[in-house]
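Inspection log for the structure reproduced underneath, given as structure tokens.
Coordinate-derived values only; no laboratory data. Keep in mind that this is a model prediction, so the values were computed, not measured. Positions of Cβ are generated from backbone atoms using ideal geometry, with glycine treated the same way; all protein chains shown enter the neighbour counts.
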Amino acid sequence: MKILSLKSVDSTQLYLKKSIQLKEIVGPVAVIAQVQTHGIGSRDNSWISKEGNLFLSFALPLEDLPTDLKLESASIYFAFILKETLASFGSEVVLKWPNDFYIGANKIGGMITTVVDKTIICGVGINLVSSVSEFAKLDIDIDKKSLLQTYFQNLEKKLLWKQVFSKYKLEFYTNKKFFTHKDGHKISLQRVKLEDDGSISINGERIYSRR
């Protein structure tokens, strides 16, 4: 994975998205920044974080994705592999459906995915060293370079969706204390069923990740 390092950018995801649309960059490639001024969070909220934390986006051609991975569940796939990578360094981070990273009851980061020109772009923000307001930071000290190297090595294994999902399904019970959102409404994850394609169902309705 080629990694481009920037001192400051509005959003690594927007930077990468625009560069791919203009055909200035082709995947696989990653962009990392020291400072991000207008990060994008869940439900189009801004992601505010301080210098020293992880501001990362990476792009992969769709043809490089596992054959059994549905794009609707790409956030779960890439986020859970990152969660497992952090756990291998000793973190007790959990993945809240479908794309948020938590330590205990507090959010430390998240991931969003989008598709542009037959390329999937994954944007990641994690509070490695500090946090603001109601958020928290990672529970271990970790070198950013080592984290990225290990994560991208894990992605290069091209694990099938069913391999990744089987592990996530076993840990889904950790989600029961959390909520998700749909159409402006909060939904308790205590009441939902996790389906094999990564969606959740409640009262006969399927809900897919669109992040």
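Semi-axes, largest first, in whole Å: what does sqrt of 5 times each Cα gyration tensor eigenvalue give for the chain?
One finds semi-axes of 25, 20, 17 Å for the chain.
Taking Lys96 as the anchor, which lysines have their alpha carbon closer than 20 Å to its alpha carbon, excluding any fewer than eight residues away along the same chain?
Lys70, Lys83, Lys107, Lys137, Lys162, Lys167, Lys169, Lys176, Lys177, Lys182, Lys186, Lys193
Name the residues whose placed amide hydrogens come within less than 5 Å of the amide hydrogen of Lys107, ignoring near sequence neighbours (fewer than 5 apart) on the same chain.
Sorted by chain and number, the residues that satisfy this are Ala136.
Of the listed peptides 129-137, 178-186, 10-18, what is their order by residue-averaged count of other C-beta atoms within 10 Å, with the highest listed first?
In decreasing order of mean packing, 129-137, 178-186, 10-18 become 10-18, 129-137, 178-186.
Would you mind working out the magnitude of the charge dipole of the stretch 169-211 relative to its Cα centre, with +1 at each Lys and Arg C-beta and -1 at each Asp and Glu C-beta, to the nearest 20 Debye?
Using Cβ point charges on Lys, Arg, Asp and Glu, the stretch 169-211 gives about 220 debye.
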